[in-house]
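Encoded as C-alpha cells, the structure appears first; notes follow it.
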Amino acid sequence: MARDTSPQCKQCRRETVKLFLKGERCLTDKCAVERRQYPPGEHGRGRIKQSEYLLQLREKQKARRYYQLLEGQFHHYYEIASGQSGVTGENLLRLLETRLDNVVYRLGFGASRRQARQLVRHAHFTVNGRKVDIPSYQVRPGDIIAIRSGSKAAEVIRLSTDLTSSVAPWLLADHDNLTGKIIRLPERGEIDAPVQEQLIVELYSK
C-alpha cells in the first residue's frame, strides 16, 4: 500500500494549518502548529514571495496531505471529477470524502485518517455485510459500515469514538454498536476540508 511516510507534524507546519494527521495529539498543546507557527526548514521564518502558482500549488498540497494521498492518486481523482457533470472542485472533494478510509474516520472509528486506513486495510470493517479491505473503496448512499465480527480492533475503535464530538450530517453513526450508514452524498457546505478547491482546479487546468 503506497503512502506518504514523511513526518506528519511537518506536513501540518508546511501548510501552516492543522490537518489532524495524528489524532489525539492534534487536540493538545503538543500540536506542532500550535508550538511553531511557521514552516519547517532553515528558511521557514523567511519571507516568501506569494505568486499565483504558489498559492495554487500549496492548496493542492494541503488537500493531498489532508486526505493522505500520493500525487498520482490525487491527480487520478481530479481526472474523474473533471469528467463528471457539475462543479469539478466540488466533485473532487465529494470523491475524496466518500473514500471508505475517510468515511471510517468521519464516523469516529479512527483517531486519524492514517489509523482509519490501516484498520480498513487489515479488514476490520464490512460494507453491507461484506468484508472490504480497500481504503479507496467508494461508498454510496444506503451503504452500512460495521466492524467485522470477531475483530480484535474493537477496543481501539471504541477509544477513537471517545475523541469524536460530532459526525458529519450526511452520515449516521451508532458508536454503541460500532456501525454507520451513508445517508446521502455530502454537499460542499458539509465538507470541512480547509481547502479552496477552485485553486486546485485552476492549477490542473493549466
Arg158 fails exactly one of (1) outside any helix (DSSP H, G or I); (2) farther than 17 Å from Ile191 by Cβ; (3) of a type outside the set (Gly, Ala, Ser), namely (1)
Condition met for Leu119 (of a type in the set (A, V, I, L, M, F, W, C), at pLDDT 95 or above and surrounded by 14 or more Cβ atoms within 10 Å (Cβ to Cβ)): yes
task = Please indicate, with yes or no, whether at least one residue in segment 115-133 is out of contact with any Ser or Thr (no Cβ under 8 Å at 6 or more places or on another chain), free of Cβ contacts under 8 Å to residues at least 24 places away in the same chain and closer than 30 Å to Leu55 by Cα.
result = yes
Next item on the list: Return yes or no: is Leu96 at pLDDT 95 or above and assigned to a helix (DSSP H, G or I)?
Entry: yes
Restricted to segment 110-120 and to residues being assigned to a helix (DSSP H, G or I) and of a type in the set (S, T, N, Q), the residue nearest to the chain's Cα centre (by Cα) is Gln115
So Val127, is it modelled with pLDDT of 95 or more and among the hydrophobic types (A, V, I, L, M, F, W, C):
yes
Residues in segment 164-206 that are surrounded by fewer than 17 Cβ atoms within 10 Å (Cβ to Cβ), in contact with a Gly (Cβ under 7 Å, 6 or more places away or on another chain) and in contact (Cβ under 8 Å) with a residue 60 or more places away in the chain total 2
Per the filter on segment 146-163, residues farther than 18 Å from Arg121 by Cα, in contact (Cβ under 8 Å) with a residue 24 or more places away in the chain and loosely packed, with under 15 Cβ neighbours inside 10 Å are Leu159, Leu163
Of the conditions (1) touching a Lys or Arg at 6+ places or on another chain (Cβ under 6 Å); (2) of a type in the set (Gly, Ala, Ser); (3) at pLDDT below 95, the single one that Ser136 does not satisfy is (3)
When (1) assigned to a loop (DSSP other than H, G, I, E, B); (2) in contact with a strand residue (DSSP E or B) (Cβ under 8 Å, 6 or more places away or on another chain); (3) within 26 Å of Glu190 (Cβ to Cβ) are applied to Ala123, the one that fails is (3)
Gln11 fails exactly one of (1) modelled with pLDDT of 60 or more; (2) assigned to a helix (DSSP H, G or I), namely (1)
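The values are calculated or read from the model by the stated rules, or taken from the named source; none is laboratory data. On a predicted model such as this, the values are computed, not experimentally measured, just so you know. Cβ coordinates were reconstructed from backbone atoms using ideal geometry, including for glycine residues, and neighbour counts include every protein chain displayed.
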